[in-house]
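In what follows, a single structure is set out as structure tokens and then discussed.
The values are calculated or read from the model by the stated rules, or taken from the named source; none is laboratory data. These numbers come from a predicted model, not from an experiment. So basically every Cβ, Gly included, is an ideal-geometry build from the backbone, and we count neighbours across all protein chains shown.
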């Protein structure tokens, strides 16, 4: 608590915290000084002159700006005096001189500070009778934001946001006086990943949202508090709906998660929820090779329940599998694995990025912790593309607190522009890179001394050898050793694929040697990557991270569910697809999962399955192969909870409902399907004969009436979700505590043990495949949720293979030229794009491009993010053409 | 038994009554042969809505939805969209993609007219609104933009 000091406003003394801005202090004592340029999240500027008050300066009353004055003991102000009031009225009159007053067509109308303050503080008349200045209206400053220069009152908020939070000064003030305009620099439209926040910051309608433009009026939308589900950060948003459509997404303040910012994907990419291509009715294919026909829910659910139960009976439960998704809510993920384990009796349940990734289920300690670090190590993760709001916090740490960044990434990502070090590597060299750094650390006597106490030290020193450390490595080691509060963030790319275990071991060795293993955090990729693991949407782990083989944990769930659970671990994502291709997996249930879009291998596997059920929003590539398609609803159309990368369980409440669609929430589909399960239905019948009123045990197990009731059961199934409830979560969610994880499998993740490095046979880069393919996430890809949006084509990543200009010159490739790229498992054709951020000797293709070129070349998701490829000009065969 | 006085009184009363009848025969009838003839309404009578156009053919309505906000019965529904600059529907950037008035709800109060910043929506004197179905009581923009001849006459102002 800061010291309280006494200030005088209008002859009344008030106690306010020392050093606070006068506008903020006045707010505490219920004096509402009007502001435009001042904003609690931006540095004070004093540009708009709206907050003028009088101050006693050595006995003379002077007009000053309240938003730039920090209060101190004994200061005297006048707010309501005639001179101060007159000054504010005059300011407003001047601001309105050239303001077009086209409020009826302005999107800000109804929630506009200029309107509100004109009514509250304005003179009510204008003395200005001349012709207003005319400037550019309808002037796009980016693909997503429209500028109206006439409406602008030059408050600098947009300029300051881009400088202070994004650290991308892409807007500037041009000309002077009444000709002043906000503009971008020639040929460089705004492309910051969180640029949409300037729309909300704008105190007038100068900056408007091109996706939602003219599609809403603030007073007639139904506004529901929810969260964003595009990435793992779980930014708090408000969904504005009208006539059953999602018209606008705006940010909601949650200081712990997103401050009050959201990224452009969260703000602009929501058209999928209302897309006309959405599935609206269940579809059934009566025989293989036939067409999908529309069907009723009863018929479709009974068919799925019977076929899955029949396959489990005849072929054994291991012949049935389910692939969920890390985009499913906790409730959907929990019920999917409960259905598979409890009714089918199979542990074949996983999701993309599930068992194949050696994720640390504890995630990040807390999102805002990154702002306290003085060295942030980004290992194989690019927050600017993967969690853009987290990236703004990292930039804030760099800019405001002088933090340094140590970046290890195959591509020279954007944040390498900051002080620190950048260590490039090619996929497959991760472990070697960390071993090099460990060697560097061990050259320091104090590190060696401290590490000598750790188990496995001798083996590690032995395994590391004594090869020299290069200059970049030495610089990284120096940064690491000079940091007081280092923090290591690593992403799924580092801990998936064949070398996942070795990579993680080498990373953990490095962290242990640097004394920062407690501050080494995994950044989960998707909206509910953490939650899906907590819910047991994994082949070898039950809800609450109880291992399948862990008898007490299993028995606890057996009592809760009233069934016997299978004891053998099931198959993972890739193993299930392999088993399907080999004919061992006979029935597959896909929920929000689309393996067929990941190249020919996935398609072939799905075609071999006897019975394929797809529960989806759209008729995806996989759904086109399905025997039964069940229409699900998006996150905006049902209640659900999601657990973000810092273990925060947050609510996403239902905002809209399409009355013309029969699509149903996932939890309801699972519940109704379970009631039709032959065993459950039979039991209910048998019990019904005995007593009309009493329902069966199994049927009672599946009697959920709402998503909140499912959450109630989750709190009993997963110990860390204990005490949570839909109401208790509130608007800001709750982090599940790590303290409860002591003694559980979670605590085993952080062993303080050094692991000797693996002996790797160094595979020489064979001439046959001279390039390393680098695949990774970009913010605007072509995933299922992006594909349906009109803005996609304007902002999405270029459909191309990026190559270093030096490599392109050697291969004699020109930009835009189609090239054929082939790996051991696949071949694609893409145009060339020259990109200096791509290392020589590597090719960069983002995931989720049309036709899935990266996935095709990698072969499977668990292959990690790298493969060896070769490149040749021209299209080799038209049949394999992509895009 | 009726006396002579009664007969005389009766005759006078009949003659008086017939006098009224005969006088009425000579005056013009007030019945209006609607719909063959127009009905005269007062100049400020508030009837069915019309969306006006400018002389150059552009719609006045800019889709601001202030009429919708002002409507006390929720009878108006407006959905706006952005004008194609090459081929605008209305002047400026915004136009009404959808404009509907539900005449089962409308109370003809004229608040929409008051709220309109561009004098696009006005209440005409047209009162005939019978329809066969409830559904067709919701008038869409095309119907409101070009109202049919309502066959009414305006009474001279007093």
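Summary table below
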{"read-out": "Number of the exception - residue B:111 against (1) more than 14 Å from chain A (Cβ to nearest Cβ); (2) closer than 23 Å to residue B:72 by Cβ; (3) within 14 Å of the chain's Cα centre (by Cα)", "value": "(3)"}
{"read-out": "Of all residues making up segment A:47-84, the number that are more than 20 Å from residue A:121 (Cα to Cα), within 40 Å of the chain's Cα centre (by Cα) and part of a strand (DSSP E or B)", "value": "1"}
{"read-out": "Selection status of residue A:179, at negative phi, within 14 Å of chain B (Cβ to nearest Cβ) and out of contact with any strand residue (DSSP E or B) (no Cβ under 7 Å at 6 or more places or on another chain)", "value": "no"}
{"read-out": "Candidate set from segment A:213-227 (those that are in contact with a helix residue (DSSP H, G or I) (Cβ under 9 Å, 6 or more places away or on another chain) and crowded, with 21+ Cβ neighbours inside 10 Å); member that is farthest from the other protein chains (Cβ to nearest Cβ)", "value": "A:227"}
{"read-out": "Condition met for residue B:139 (more than 14 Å from chain A (Cβ to nearest Cβ), closer than 28 Å to residue A:244 by Cα and in contact with a helix residue (DSSP H, G or I) (Cβ under 6 Å, 6 or more places away or on another chain))", "value": "no"}
{"read-out": "Strands (runs of 3 or more DSSP E) fully within segment A:119-204 counting 1 or more residues that are modelled with pLDDT of 95 or more and more than 20 Å from residue A:100 (Cα to Cα)", "value": "A:171-174, A:181-184"}
{"read-out": "Positions within segment A:99-132 being surrounded by fewer than 19 Cβ atoms within 10 Å (Cβ to Cβ), within 41 Å of the chain's Cα centre (by Cα) and away from chain B (no Cβ under 14 Å), in sequence order", "value": "A:113, A:116, A:119, A:120"}
{"read-out": "Which listed residue, of A:407, A:394, is free of Cβ contacts under 8 Å to residues at least 40 places away in the same chain, assigned to a strand (DSSP E or B) and under 25 Å from the mean Cα position of the chain (by Cα)", "value": "A:407"}
{"read-out": "Conditions (1) within 14 Å of another protein chain (Cβ to nearest Cβ); (2) surrounded by fewer than 10 Cβ atoms within 10 Å (Cβ to Cβ): number failed by residue B:62", "value": "(2)"}
{"read-out": "Filtered residue count, segment A:566-593, keeping only those that are surrounded by fewer than 24 Cβ atoms within 10 Å (Cβ to Cβ) and either assigned to a helix (DSSP H, G or I) or not assigned by TED's automatic domain parsing to the domain that holds residue A:624 (or both)", "value": "5"}
{"read-out": "Members of segment A:305-351 found to be part of a loop (DSSP other than H, G, I, E, B) and surrounded by fewer than 24 Cβ atoms within 10 Å (Cβ to Cβ), listed by number", "value": "A:316, A:345"}
{"read-out": "Counted residues, segment A:200-212 - those being within 29 Å of residue A:778 (Cβ to Cβ) and either within 14 Å of chain B (Cβ to nearest Cβ) or buried (at least 24 other Cβ atoms within 10 Å of the Cβ) (or both)", "value": "7"}
{"read-out": "Some residue of segment A:67-76 being within 14 Å of chain B (Cβ to nearest Cβ), touching a helix residue (DSSP H, G or I) at 6+ places or on another chain (Cβ under 8 Å), modelled with pLDDT of 95 or more and under 24 Å from residue A:207 (Cβ atoms)", "value": "no"}
{"read-out": "Residue A:248 being at pLDDT 95 or above and in a strand (DSSP E or B)", "value": "yes"}
{"read-out": "Some residue of segment B:20-32 being part of a loop (DSSP other than H, G, I, E, B), surrounded by 10 or more Cβ atoms within 10 Å (Cβ to Cβ) and away from chain A (no Cβ under 14 Å)", "value": "yes"}
{"read-out": "Qualifying residue in segment B:34-42 (condition: within 30 Å of residue A:105 (Cβ to Cβ) and assigned to a loop (DSSP other than H, G, I, E, B))", "value": "no"}
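Here's the yes/no breakdown for (1) assigned to a loop (DSSP other than H, G, I, E, B); (2) under 26 Å from residue A:793 (Cα atoms); (3) at pLDDT 85 or above:
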| position | (1), (2), (3) |
| --- | --- |
| A:822 | no, no, yes |
| A:831 | no, yes, yes |
| A:843 | no, yes, yes |
| A:848 | yes, yes, yes |
| A:855 | no, yes, yes |
| A:869 | no, no, yes |
| A:879 | no, yes, no |
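Conditions (1) within 30 Å of residue A:205 (Cα to Cα); (2) in contact (Cβ under 8 Å) with a residue 12 or more places away in the chain; (3) surrounded by 19 or more Cβ atoms within 10 Å (Cβ to Cβ); (4) within 14 Å of chain A (Cβ to nearest Cβ), marked per residue:
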{"residue": "B:79", "(1), (2), (3), (4)": "yes, yes, yes, yes"}
{"residue": "B:83", "(1), (2), (3), (4)": "yes, yes, yes, yes"}
{"residue": "B:91", "(1), (2), (3), (4)": "yes, yes, no, yes"}
{"residue": "B:115", "(1), (2), (3), (4)": "yes, yes, no, yes"}
{"residue": "B:119", "(1), (2), (3), (4)": "yes, yes, no, yes"}
{"residue": "B:127", "(1), (2), (3), (4)": "no, yes, no, no"}
{"residue": "B:130", "(1), (2), (3), (4)": "no, no, no, no"}
{"residue": "B:134", "(1), (2), (3), (4)": "no, yes, no, no"}
{"residue": "B:143", "(1), (2), (3), (4)": "no, no, no, no"}
